[in-house]
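Some notes on the structure that comes next.
The values are calculated or read from the model by the stated rules, or taken from the named source; none is laboratory data. Small disclaimer: the values here were computed from a predicted structure and weren't measured. Cβ sites come from the backbone with ideal geometry, for glycine too, and all protein chains shown count toward neighbours. Each accessible area value is taken on the protein alone, full model and side chains, heavy atoms only, with ligands, DNA and RNA left out. Shrake-Rupley method; radii C 1.70, N 1.55, O 1.52, S 1.80 Å.
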Amino acid sequence: MAPLRTALLQSSGQLGDVAANLKLLDEAAARAAAGGAGLLVAPELFLTGYAIGEDIARLAEPADGPAAREAAAIAVRHGLAIAYGYPERDGAAVYNAALLVGADGTLLANYRKTHLYGGFERDWFTPGDQPVVQAEVGGLRVGLMICYDVEFPENVRAHALAGTDLLLVPTALMHPAEIVAESVVPVRAFESQLYIAYANRTGPEGDFEFVGLSALAGPDGTARARAGRGEELVAGDADPELLRRSRTENPYLGDRRPALYEGLV
């Protein structure tokens, strides 16, 4: 099975301007596809911006809303799968969500952030309650998380036990938490033996300062692709053969003794 070229869009887009951000997504998809990518991952709340306060509720859309249909058209136009963050409305509830659409425009998966970070997110969002959401892309089993979710090792291990090969994490990592991008994410990939595509926002936004440092971390604990601090599109390969070899050499999942851990939950 061929490696899945995975592109990471590191950008904060335009605050509150869904149309402009869809245009940015379109342009990034064109560049990613030209570079051979079969998958593009954009940051947390990419369609609307993060620091927009009450506009989150105004701009929230259903998972199959107009923005999702336009994102699907972008995926079809450029022939690659796309994952991105957005505020999802479902009745009276608004979720911090991530949508994955296939290269044929099919809605493959929708994930709602389960671990909300800080008072800002808790004020505006309802937490999701489904920890493992998966789909198939390019022959790999792909899972979804958002930002803070990946900082809980139990979360990533649940994906590993469910067979996730590549974990997509749209994120909005802020200063001074650079250690998450630089160290925690590669360690999560190593300890659970999977790839993690971690796509971050960048630069100042309201009261926040996003640090960039997006990465595709491999099961060997290295960054197969790494962005700097500014606007950037980077790409790397999620290689199923490297993953197979790494899981053979590092049999963490097979060597676990779950009966010893029952008291932890």
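Over the stretch 4-131, what portion of Cα pair distances is larger than 18 Å, expressed as a whole percent?
48 percent
Tell me the carbon and sulfur percent of the accessible area for the stretch 136-260, rounded to whole percent, probe radius 1.4 Å. Walk me through the numbers on the way to the answer.
Values: 2570 of 4950 Å².
That fraction is 52 percent.
Relative contact order (percent) for the chain, with alpha-carbon contacts under 8 angstrom and 6 or more residues of separation?
Averaging sequence separation for qualifying contacts and normalising by length gives 20 percent for the chain.
With all protein chains present and a 1.4 Å probe, how do R257, R141 order by accessible area, largest first? It would help to have the intermediate numbers written out before the result.
On the way: R257 150, R141 90 Å².
So the residues, ranked largest to smallest area, are R257, R141.
May I ask for the Kirkwood hydrodynamic radius of the stretch 114-265, worked out over all distinct Cα pairs and given in angstroms to one decimal?
Numbers: mean 1/r = 0.0621 Å⁻¹.
After inverting the mean inverse Cα-Cα distance, the result is 16.1 Å.
Quick check: convex hull over the Cα atoms of the stretch 57-121, volume per residue in Å³, rounded to an integer?
84 Å³
Roll a 1.4 Å probe over the protein chains and send me the accessible area per residue for the chain in Å².
41 Å²
Got the relative contact order for the stretch 119-193 handy, in percent, Cα pairs under 8 Å and 6 or more residues apart?
Relative contact order of the stretch 119-193: 29 percent.
How far is helix 66-78 tilted, in degrees, relative to the longest principal axis of the Cα atoms in the chain, given as a value from 0 to 90 rounded to the nearest 10?
Long axis of 66-78 versus the principal axis of the chain: about 60 degrees.
Taking a cut-off of 23 Å, what percent of all Cα-Cα pairs in the chain are separated by more than that?
46 percent
How large is Rg over Rh for the stretch 200-247, taking Rg from the Cα atoms and Rh as the Kirkwood inverse mean of 1/r across Cα pairs?
1.14
Mind checking the dipole of the chain: about its Cα centre, +1 per Lys or Arg Cβ, -1 per Asp or Glu Cβ, Debye to the nearest 20?
Here the size comes out at about 600 debye.
Hey, with R₀ at 25 Å, roughly what FRET efficiency would D207 and E231 work out to, going by the Cβ-Cβ distance, to 0.05?
0.75
Using the Cα centre of the stretch 121-198 as the reference point, and only Cβ charges (+1 on K/R, -1 on D/E), how large is the resulting charge dipole? Debye, rounded to the nearest 20.
Magnitude of the dipole: close to 180 debye.
Per Stokes-Einstein, at 10 °C and 1.306 mPa s, what whole-number D in µm² s⁻¹ belongs to the stretch 104-166, with the Kirkwood radius over Cα pairs as the hydrodynamic radius?
Working: Rh = 12.6 Å.
Here the translational diffusion coefficient equals 126 µm²/s.
As a test of the definition: which semi-axes, in Å, follow for the stretch 1-76 when you take the square root of five times each eigenvalue of its alpha carbon gyration tensor? Largest first, please. Write down the numbers at each step before the final one.
On the way: eigenvalues 120, 34, 22 Å².
Taking √(5λ) for each Cα gyration eigenvalue gives 24, 13, 11 Å.
For the stretch 166-217, give the magnitude of the charge dipole about the Cα centre (Cβ charges: +1 Lys/Arg, -1 Asp/Glu; no others), in debye to the nearest 20.
I would put it at about 220 debye.
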